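What follows draws every value from the coordinates through simple rules; no lab data is involved. Predicted model, so just to flag it, every value in this text is computed and none were measured. A quick note on method: Cβ atoms are made from the backbone with ideal geometry, for glycine too, and the neighbour counts reach across all protein chains shown.
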Amino acid sequence: TGTVLDDDPALTARHPDGSLYPHQPVPIVIGHRSLPAQARIFAGPHQPIFYNRQTPLQALSDLFDRGLRTVIVEGGPTLMSSFIGENLVDEYHVYLAPKLLGGWRLSVTQIGVRGIAEALQLRIVDTFMIGEDIFIEAFPVANARTGVGAGGAASASSTTPVSAADGTDRREDS
């Protein structure tokens, strides 16, 4: 709920001109804080699904039972770290803005890595510019902490610092 409260994202997929794509994602909100009724997440074509105190794995399991097979996680460091730390991310979409914030606002917090030898290794498969921002697509590879790449069913989209404010993919349809 922190990202919804801080950024008020619509969590919709839009064309570069701002119009909506015909197929829209179902917004999922993980957290226990209440949201204002005027939040943009309620204005989309689908009402959000809420998870209060479930773990990321429990939420993904329920979404699978509902027939949802692809999940894009857009959120702050707490949510990102939960998915990464539980080895649930299959693909990373990172938006890197040419801005330095400093301080405690990290994209990812603790994910169970105690040193460089245990670092989660990523294989970068694509990069391109979106305005002044850099988009990076990467996949996890085997690492010392888990012995395998990710085995989950989610893509993580980190927008800290915010570049694509609502986390949508700005590429043209292929």
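Tabulated results
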quantity	calculated
Charge tally in the Cβ shell below 14 Å around P36, where Lys, Arg are +1 and Asp, Glu are -1, P36 excluded	-1
Neighbourhood charge, 14 Å Cβ-Cβ cut-off, centred on I124 and excluding it, Lys, Arg +1 and Asp, Glu -1	-2
Förster radius 45 Å - calculated FRET efficiency between H46 and V141, Cβ distance, rounded to 0.05	0.85
Phi to ³J(HN,Hα) by Karplus 6.51 cos²θ - 1.76 cosθ + 1.60 over region 122-136, Hz, x for Gly, Pro	10, 9, 6, 10, 7, 9, 6, 8, 10, x, 8, 8, 10, 9, 10
For V73, distant residues with modelled amide H under 5 Å away	S155, A156, S157
Charge sum, other residues only, whose C-beta stays under 15 Å from F139's C-beta, Lys/Arg counted +1 and Asp/Glu -1	-3
